[in-house]
Every structure is written in C-alpha cells, then in structure tokens.
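Following: one structure in structure tokens, then a few remarks.
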Amino acid sequence: MIKEAFNGLRTAWKGLALTLKHFGAASESKKVKGINEANYFGQQAGIATVQYPHQKLPVPEVGRYQLDVVIDDCIVCDLCAKICPVDCIDIESIKATDVIGKTSDGSVKRLYAPKFDIDMAKCMYCGLCTTVCPTECIIMTAEYDKSVTHISDLNYKFASMTDAEAAQKRLELEQQLAERQAAKAAALKKMEEDK
Amino acid sequence: MNFYLIYFLVAIAIFGFIATFSLVSVYAERKISAFIQDRLGPMEVGKYGWLQTAADILKLIQKEYIVPALADKVLFTIAPVIIFVAVYLGFVALPWAPSLVPASMNIGVFYVFAIISVEAVGILMAGWGSNNKYSLLGAVRSVAQMVSYEIPIGFVIISAVMISQSLDLQVINYNQGILATQEIKFLGFLNVNHIGGVLAWNVFKAPHLLVAYVIYFIASLAECNRAPFDLPEAESELIGGFHTEYTGLRFAFIFLAEYAMMFLVAMLGVTLFLGGWNTPLPNIGSLHLADYTTGTFWGIFWVMAKCLLVVAAQMWIRWTLPRLRVDQLMTLCWKVLTPLAFACLVVSGLWRLILLSA
Ligand code: SF4
Ligand code: SF4
C-alpha cells in the first residue's frame, strides 16, 4: 500500500514537472513557419498557437484551394465540366460566327461562354478540372478562407458576357446558319438543275 | 448604529474581494491552462485578453433565467444562494493581518470547517432540484466526496490545533511568528520566539504537520470539487454535474462559490499550517527582517501571496492530473489519507505530551 502511494506521488510529480516545463517554455512562441522552411521541426518548445487571422501560415504553392478561371483564356471546350465528379461546373456555349481571337498560349477561340458557373459549395477540391484544361485557364489559387453570408454566394460566376451581348451573338449565329442554309439550298437546287 | 455600518462595510468588502478574486483567477486559470498546453489563451478582449472575464460576467448577467419545467422550483432557486453564502460566510473568521479579522471568534476553526460543509447541502439541493439525471448523479457524487474527505481534513486540522492549543484562528496566527504569546520551538527544541519567520510556522514547529499539510491540500482539492477530484462536475461525463441546468446569474453564483472556495481552503490551510499573515523572513542577528515585515499591510501582503501561490498550485494540478474514478477516489480517502491523518493526530498528541511539556 505504501509502495502504491509513493508510486502515485512519484508519477503525479512526473506529470506536474512536465506541465511546469511547458508553463516555463510559454514565454516564447514558435515562429510562424511554412512546412517547407528549414528547421520547421526544430521548434519544439514554446507556444504553438498561430493567431489566425492576424497571422497566417504560408500555404504550399500546389495546394488545393479556391478555383479561379481566367475567362479570356478559356476556349469553352467543356472538358472541365465533363470531368468534374460532382458536376459543379455549369457552362453554356455559343458558337461564334468567326474566329474570336487567340488565347495567351495561342489556342484559337471559336466559342463564346455566356455562362460559366462553378458551385464551390459542391466542389470537393479534387483538382481534376485544372488538369484537363487544355489552356490551363482554370486554376487553384492560394485563397483558402472564404466565408459568405448566403450559400448562393458560393456559386462563382466567371462569364464576362452580358445577356444582351449573348442574345446578339445568338442572333448572329442564327443569321449565319440561315445564310448557310440558304446557300446550301441554292447549291442543291443548282445541282438538280444541272442534272 | 455605526456598529451596523461597519458590519455592512465588512460584508461588502468581502463580497467585493470574492468577486474580484474570481474574475482575476478565472483569467489566471485560463492563461495557466493555456500555457501548460502550449496555447495562448484569451487574447482578443483587451491587451492579452485581460478584459475577457469582465466580458464573460457581463454576458452572464444579461442571460435569461431558465427554470426547467419539471424542476423543484424552490430548491432550484435557493440552491445557488446557499452554495454561495456558505462559502461567503466562511471568510468571516479568517484573519488577514495582526489586527485585521472580520469577526474574531474563539471557535474560528470549528466555524469555518462547519460552514464549508453546508455547501454540500446546497449542491445536493441543486442536483435534486434540477430533476435531471446528470445533475443528480453529480450531486450524489459531490456529497459522497465532500462527506468522505471531511474526515481526513478534520483529523489534520485537529492535529494542527493540538500544536497551537487554540481554536481561534487569530491566536493560531499569532503563535506562528514573532508576536507569539506562547513559547514556540523550531522542530520542538529551538526557541524561535524572537527569530520568527519561516522557522516559527506550524509546519516547521512540528515537522509531521508537513505531511498533515499535504493531506490537507489533497483533501481540500476534493472539498472544492477541483480536478483531479472534479467528479461532481465532470464535464466529459456529466455535462457539468449539479450545475448543468443553471443559467445566467445563478450559474455565476455557483461559479463564484467555486473560486471563492478555492481561496477559502487555501487561506484556511495557510493560516493553520503556513504561518498565515506571518512573514517568512526571520530575524537574523541585527537584521530584523521579521520585525520590518510584520504589520497590517505586510500581513495582507503575506497572506495574499501565500494563498495565491496555493491557488496557483491548485490550478497547476488541475491541468496536469486526470480525473480519478469513483472507487479510486474513495480508496484514496479511506485507505490512504484517513490512516495517515490519524497517524498525524497521534504524533501531534505525543509531540505535545513529550516534547513540549518536558
Ligand atoms: S476541383 Fe474537382 S470538384 Fe471542384 S470543380 Fe474541379 S473537377 Fe469539380
Ligand atoms: S477545360 Fe479550360 S478551356 Fe475548357 S471549358 Fe474548362 S476552363 Fe475553359
């Protein structure tokens, strides 16, 4: 019994000494360091709290955070929407009557995107969309803390066209199609006549 | 008339002290726990979060009183009052300085010890009145614990009283320093009436009281339901035990009582064993340190310093040791502390008979 009591006191003291050591070490704080900095694991003693949001840990460059789309570089190929496992990318496209222009990496743009929505509330940050994009215009930024007051604010809209512009482009496309149809019909007629 | 005015002033002063102490010590506890766990603790309200507890109490005051529909309304309402008043009244008999004691009583020790036990009644009322299984379990545990631990506490207090030969806390205080009226001997043979200081404290007058103090300290943790003996509250099992159902100011009073109790048991222990308001500095030759550091101001200073150290140790222990199981709690009390306390009592008696009368 006495042995047990002594053992209790001894182990209690062990614990108390340990906490006292930590209490003493609390005069210093660990530096806010990224995981890839040298000596990251060297900091053993001291306060571990990172006073977010006053202090922030540096984030790795290739982490998976909020998505961003550089819409000027998008060729509206719809690959990202197709690969997305949770179908959170919603793209509409309108064919252009002519080549619109070129992206910064030289791909030719032939489609307008009146709608390019990514619902970040559904996104599971798998990053597949960023790997399939042929022009690398859909990317993950370093932004990770995003809070909104309404869930609909999490539906990011990247399209830069106004509705009027979209309507006009549609009209132009229809006209072009109609012209082509007419030309086709005329050509057919001519072929019949030639026979 | 003036007579009553002083009574009221004393009562208000004690209440003010308890409230301030609670605010400061809750802050201190949160910081100590944070530092022990390598955290920072409250940092946002005021510089280093020093206004945090003031903000907390403001929040508590504004909260709604909720009485559960099936609770026993009367018991539920008066329980916090009884819990708080029990502890509050305990402060009356405790001396702060050579001539500063709210109420001088010739049975002070007995009074404090008795009034502390009343808290158990309040806790039982709170648990029973809440009509909630967690509260009731907490209350039952609390009462079992407090009643059991009163036995070792009682014995060690008696062994200190035997050495001091008085139940008056002020007399006990006087006889642990240079103002002593009896003959005091360091370790039972060296007369230290004129040296004073730490040598004249009860724990050094009779070294077995050192063991007695350790027993007292452990048991007093159980008396104020602090970890590792916080089974009555046990947040992780009982959601808070007997005070689960309390809100707002009622909860604040229970909380206040808990912190006041910490100080009360610390102060009683300091008075009985660690010299109370006596200075730890002895007179050495022509350097009359003890004479310089005795007085009303110094008395308050020493008693506060000692008590705060003890309270800090209570917090330190709370954030280190895990909670005991119910059976371990009872084993510790009945099989370890009680026999040891008995032994202290016997040694005290022999000490008195053989060493001091010889
Ligand atoms: S990261 Fe994954 S889930 Fe999110 S939009 Fe891209 S493909 Fe969809
Ligand atoms: S994969 Fe890239 S280019 Fe294609 S639609 Fe998506 S973002 Fe645009």
Problem - Condition check for residue A:115: assigned by TED's automatic domain parsing to the domain that holds residue A:85, without any contact (Cβ under 8 Å) to a residue 40 or more places away in the chain and within 15 Å of ligand 2 (Cβ to nearest atom) - result: no
Practice task
Consider residue B:125 carefully, then state whether it is outside any helix (DSSP H, G or I) and in contact (Cβ under 8 Å) with a residue 40 or more places away in the chain.
Solution key: no
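So which of A:140, A:161 ends up being within 15 Å of ligand 1 (Cβ to nearest atom), of a type outside the set (Ser, Thr, Tyr) and surrounded by 13 or more Cβ atoms within 10 Å (Cβ to Cβ)?
Answer to the check: A:140.
Would you check if residue B:172 is of a type in the set (Val, Ile, Thr) and within 23 Å of residue B:14 (Cα to Cα)?
It is true that residue B:172 is of a type in the set (Val, Ile, Thr) and within 23 Å of residue B:14 (Cα to Cα).
Could you identify the single residue in A:22, A:54 that is within 11 Å of chain B (Cβ to nearest Cβ) and in contact with a helix residue (DSSP H, G or I) (Cβ under 8 Å, 6 or more places away or on another chain)?
Of the residues listed, the single one that is within 11 Å of chain B (Cβ to nearest Cβ) and in contact with a helix residue (DSSP H, G or I) (Cβ under 8 Å, 6 or more places away or on another chain) is A:22.
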Handout entry: Answer residue from the range B:222-232, given it is of a type outside the set (Phe, Trp, Tyr) and surrounded by 22 or more Cβ atoms within 10 Å (Cβ to Cβ) and is modelled with the highest pLDDT among those
Key = B:222
Problem - Residue count for the range B:323-338, restricted to those that are facing another protein chain (nearest Cβ under 9 Å) and exposed (fewer than 15 other Cβ atoms within 10 Å of the Cβ) - result: 1
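Take residue A:136 and decide whether it is within 9 Å of ligand 2 (Cβ to nearest atom), more than 14 Å from chain B (Cβ to nearest Cβ) and not in a helix (DSSP H, G or I).
When the stated conditions are applied, residue A:136 passes them.
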Completion exercise
All conditions in (1) more than 30 Å from residue A:52 (Cα to Cα); (2) in a loop (DSSP other than H, G, I, E, B); (3) within 15 Å of ligand 1 (Cβ to nearest atom) are true of residue A:146 except (1)
Handout entry: Residues of the range B:51-71 classified as touching a Phe, Trp or Tyr at 6+ places or on another chain (Cβ under 8 Å) and either hydrophobic (A, V, I, L, M, F, W, C) or modelled with pLDDT under 85 (or both), total
Key = 3
Problem - Qualifying residue in the range B:62-76 (condition: away from chain A (no Cβ under 14 Å), of a type in the set (Gly, Ala, Ser), surrounded by 14 or more Cβ atoms within 10 Å (Cβ to Cβ) and part of a helix (DSSP H, G or I)) - result: no
Practice task
Considering every residue within the range A:43-51, establish whether at least one is of a type outside the set (Phe, Trp, Tyr), surrounded by 15 or more Cβ atoms within 10 Å (Cβ to Cβ), modelled with pLDDT of 85 or more and touching a helix residue (DSSP H, G or I) at 6+ places or on another chain (Cβ under 9 Å).
Solution key: no
Problem - Failed item in (1) touching a Gly at 6+ places or on another chain (Cβ under 7 Å); (2) in a helix (DSSP H, G or I); (3) under 24 Å from residue B:341 (Cβ atoms), with residue B:139 passing the rest - result: (3)
Problem - residue A:81 being among the hydrophobic types (A, V, I, L, M, F, W, C), over 30 Å from residue A:134 (Cβ atoms) and either in the same structural domain as residue A:143 (by TED's automatic domain parsing) or away from ligand 2 (no atom under 16 Å from the Cβ) (or both) - result: no
Practice task
Considering every residue within the range B:33-45, establish whether at least one is among the polar types (S, T, N, Q) and within 14 Å of chain A (Cβ to nearest Cβ).
Solution key: yes
Problem - Single unsatisfied condition, residue A:91 versus (1) within 8 Å of ligand 2 (Cβ to nearest atom); (2) surrounded by fewer than 17 Cβ atoms within 10 Å (Cβ to Cβ) - result: (2)
Problem - Of all residues making up the range B:270-290, the number that are out of contact with any Ser or Thr (no Cβ under 6 Å at 6 or more places or on another chain) and either aromatic (Phe, Trp, Tyr) or closer than 25 Å to residue B:218 by Cα (or both) - result: 10
Exercise for the section: Could you list all residues from the range A:64-94 that are within 12 Å of ligand 1 (Cβ to nearest atom) and either part of a loop (DSSP other than H, G, I, E, B) or within 14 Å of chain B (Cβ to nearest Cβ) (or both)? Expected result: A:64, A:65, A:66, A:84, A:85, A:86, A:87, A:88
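Within the range B:222-246, track down each residue that is of a type in the set (Gly, Ala, Ser), part of a loop (DSSP other than H, G, I, E, B) and in contact with a Phe, Trp or Tyr (Cβ under 8 Å, 6 or more places away or on another chain).
If we filter the range B:222-246 for residues that are of a type in the set (Gly, Ala, Ser), which is where we start, we get B:222, B:227, B:234, B:236, B:240-241.
Checking which are part of a loop (DSSP other than H, G, I, E, B) leaves us with B:227, B:234, B:240.
Those that are of a type in the set (Gly, Ala, Ser), part of a loop (DSSP other than H, G, I, E, B) and in contact with a Phe, Trp or Tyr (Cβ under 8 Å, 6 or more places away or on another chain): B:227, B:240.
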Fill in the blank from the handout: Residues in the range A:9-19 that are more than 8 Å from chain B (Cβ to nearest Cβ) and not charged (D, E, K, R) total 4
Exercise for the section: Select from the range B:25-47 the residues that are under 16 Å from the mean Cα position of the chain (by Cα) and either aliphatic (A, V, I, L, M) or not in a helix (DSSP H, G or I) (or both) and list them in ascending order. Expected result: B:26
Problem - Total residues in the range B:137-177, condition more than 26 Å from residue B:212 (Cβ to Cβ) and either without any contact (Cβ under 8 Å) to a residue 24 or more places away in the chain or not assigned by TED's automatic domain parsing to the domain that holds residue B:206 (or both) - result: 1
Fill in the blank from the handout: When residue A:72 is run through (1) more than 13 Å from ligand 2 (Cβ to nearest atom); (2) closer than 19 Å to residue A:169 by Cα; (3) among the acidic types (Asp, Glu), the failure sits at (1)
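Residue B:258 - would you say it is part of a helix (DSSP H, G or I), within 30 Å of residue B:342 (Cβ to Cβ), of a type in the set (D, E, K, R) and assigned by TED's automatic domain parsing to the domain that holds residue B:145?
yes
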Practice task
May I ask you to verify whether residue A:158 is touching a residue at least 60 places away in the same chain (Cβ under 8 Å), touching a Cys at 6+ places or on another chain (Cβ under 9 Å) and within 16 Å of ligand 2 (Cβ to nearest atom)?
Solution key: yes
Fill in the blank from the handout: Out of (1) more than 23 Å from residue B:235 (Cβ to Cβ); (2) more than 17 Å from the chain's Cα centre (by Cα), the one residue B:133 does not meet is (1)
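The values are calculated or read from the model by the stated rules, or taken from the named source; none is laboratory data. Keep in mind the model is a prediction, meaning the values are calculated, not measured. Reconstructed Cβ throughout: ideal geometry from the backbone, glycine too, with neighbour counts over all protein chains shown.
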